Amino acid sequence: MAEQFAFQNPRRCRRLVLVATATGALMVPGQPRVLAKMLTGRRFTDPDHVAAIAGQIYGGTARNRDQDIAALFAAQLHDGSTIGYLHQLLAGAVWTSLPMLPAIRQPTLIVAGTDDPIVPIINAHILHRLLPMPPCTCTTADISNRSPTPVDSPRRSTPSSANPNNDDDISNDRGGVQGPRPIERILR
């Protein structure tokens with residue numbers, strides 16, 4: 001939906017950051033067994049259930065952090081509603097950003113994980129190809145996992161902006177995070 005906001009409000013939205021996202025209904029889908037687990041809202045109401053399936057849904061380090069995931073979701077049990085979740089599923093089933101992507105002129109950062117069972121990385125490549133910005137302003141940070149929330153593990157899920165042309169790992173303590181790189185280098 002960030003693409004929709006950027007398209008409709010170019011004066012209010014000067015930059016666009018797309019994290020673990022795709023084009024909506026017309027995307028390359030994740031694994032069917034993973035998507036089936038997301039159809040139920042049980043993962044928002046039962047911390048033990050989400051701990052059991054978190055690794056399969058979120059990938060990466062979530063495979064080994066089931067207790068952390070359970071604690072995170074337990075703290076958020078009352079943050080959403082069933083009707084809100086159903087509206088979110090409906091929007092994802094009928095909305096797409098494909099027609100508007102070529103008209104988005106804001107500099108865009110695309111952050112995508114290579115181990116993301118929900119949104120395969122090919123979706124980041126599609127977004128990049130359809131956005132009209134030159135490759136130097138449309139970049140991606142290659143993260144090795146999909147955190148349930150970026151603030152859950154900010155050191156692991158936030159790319160460094162200190163050296164935007166760095167092709168090497170930022171440091172060995174960053175959990176496999178690499179600095180922003182032009183997406184063409186990832187495609188090779």
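The values are calculated or read from the model by the stated rules, or taken from the named source; none is laboratory data. Values in this document were obtained by computation on a predicted structure and should not be read as measured data. Methodologically, a virtual Cβ is constructed for each residue, glycine included, from the backbone with ideal geometry; neighbour enumeration extends over all protein chains shown.
Data for the structure
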| item | result |
| --- | --- |
| Hits in segment 23-49 (condition: over 25 Å from A124 (Cβ atoms) and either β-branched (V, I, T) or modelled with pLDDT of 90 or more (or both)) | T40, T45 |
| Some residue of segment 104-112 being in a helix (DSSP H, G or I) and either more than 20 Å from V28 (Cα to Cα) or not charged (D, E, K, R) (or both) | no |
| Answer from A112, A91 - the residue that is under 17 Å from the mean Cα position of the chain (by Cα) and buried (at least 16 other Cβ atoms within 10 Å of the Cβ) | A112 |
